[in-house]
Amino acid sequence: MGLLLDGEDKKDSDIDIIIITSNINNDLKIEDEIYGKTFETLLETGEYLSVKMVGSEHVNTIKSIVIFLFIEILKKMIFQWG
């Protein structure tokens with residue numbers, strides 16, 4: 001996400017994905033499947049997916065980060081458009 005905010009994202013930049021789960025400790029099978037699909041996507045399309053799994057107890061923190069990033073993107077867009 002930092003590259004996008006700085007205007008330095010490239011065609012080969014990764015795609016960030018956050019997966020929120022209710023019980024991260026019991027989701028190892030799901031995590032293995034997700035990372036397997038991520039690798040398959042890389043091989044098939046050349047797109048690198050950066051996947052993070054977090055517990056649902058962190059939802060408020062994630063919401064705050066997403067809102068902050070959205071505001072930063074808007075600021076940069078407004079600044080570029082003058």
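Quick note: the coordinates plus some simple rules give every number you see, no bench work behind them. Note that the structure is predicted; figures quoted are calculated from it, not measured. Here Cβ is always computed from backbone atoms with ideal geometry, including for glycine, and neighbour counts include all displayed protein chains.
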Next item on the list: Amide H neighbours of ASP16 under 5 Å, at least 5 residues apart or on other chains, H built in the peptide plane: list them.
Entry: SER50
Next item on the list: Pop out the ³J(HN,Hα) list for segment 56-70 in order, Karplus 6.51 cos²θ - 1.76 cosθ + 1.60 with θ = phi - 60°, rounded to Hz; leave Gly and Pro as x.
Entry: 5, 5, 9, 4, 5, 5, 4, 4, 4, 5, 4, 4, 4, 5, 4
Note to self: Spelling out what I want: for every residue of segment 49-54, take phi, set θ = phi - 60°, compute 6.51 cos²θ - 1.76 cosθ + 1.60 (Karplus), and round to whole Hz; glycine and proline get x.
What the structure shows: 9, 9, 9, 10, 9, 9
Margin query: Using a Förster radius of 22 Å, what is the FRET efficiency between VAL59 and ILE17 based on their Cβ-Cβ separation? Nearest 0.05, please.
Written below: 0.90
Margin query: Please compute the length gained on full extension between GLU47 and PHE70, using 0.36 nm multiplied by the number of residues separating them and subtracting their Cα-Cα distance.
Written below: 6.0 nm
Check: Residue by residue through segment 15-22, which ³J(HN,Hα) values in whole Hz follow from phi under the Karplus form 6.51 cos²θ - 1.76 cosθ + 1.60 (θ = phi - 60°), with glycine and proline marked x?
Finding: 10, 8, 10, 10, 10, 9, 10, 6
